[in-house]
Amino acid sequence: MQAGSEGMAVGALGERLGLPGATLSNHLNVLRAAGLVRDSREGRMIRCRADYARMDALLAYLTENCCAGDASACAPAVVCAPTPRGKSR
C-alpha cells in the first residue's frame with residue numbers, strides 16, 4: 001500500500017518487512033487469491049501492486065455489512081507500522 005501505484009519488488013518487500021521468503025510468498029498468495037494484490041514480471045523481478053479498487057470495494061462492503069453503516073465504529077483504535085523482525089513494541 002505504501003509503495004503506491006508503482007508497487008514494490010517482492011525481494012524489497014520481504015526485506016522491508018523482515019519476512020522469510022516462504023512466509024512472504026504464503027501471504028502474497030492469499031492476497032492474490034483474494035484479488036487484493038496483483039503482480040507483474042519485469043525481467044527476473046516480480047513487482048507487486050495493491051489493487052486499490054478491489055480494496056475500496058472490500059472496505060465499502062465491510063462498512064456496510066459489519067458496521068451497520070457507521071464507519072466510525074470500524075475505525076482502528078491504533079494505526080501500527082510494521083515492526084522490524086526481532087524487535088518488539
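For this structure, a couple of remarks:
- Karplus 3J(HN,Hα) series, Hz, for segment 47-58 with 6.51 cos²θ - 1.76 cosθ + 1.60 (x for Gly, Pro): 9, 9, 9, 6, 9, 4, 4, 5, 5, 4, 5, 5
- Derived scalar couplings between HN and Hα for segment 13-27 equal 4, x, 5, 5, 8, x, 9, x, x, 5, 5, 4, 4, 4, 4 Hz in order, rounded to whole Hz, by the Karplus curve 6.51 cos²θ - 1.76 cosθ + 1.60 (θ = phi - 60°), x for Gly and Pro.
- √(5λ) per eigenvalue of the Cα gyration tensor, segment 4-74, largest first, Å: 28, 13, 10
- Under 5 Å, built H, 5+ apart or other chain: amide partners of ALA9: CYS48
- The calculated FRET efficiency for the pair CYS66 and MET45, based on their C-beta separation and a Förster distance of 35 Å, comes to about 0.40.
Since every read-out is calculated from the coordinates, none of them should be taken as a lab result. Computed from a predicted model, the values in this text were never measured in an experiment. All Cβ positions, glycine included, derive from the backbone under ideal geometry; neighbour counts span all protein chains shown.
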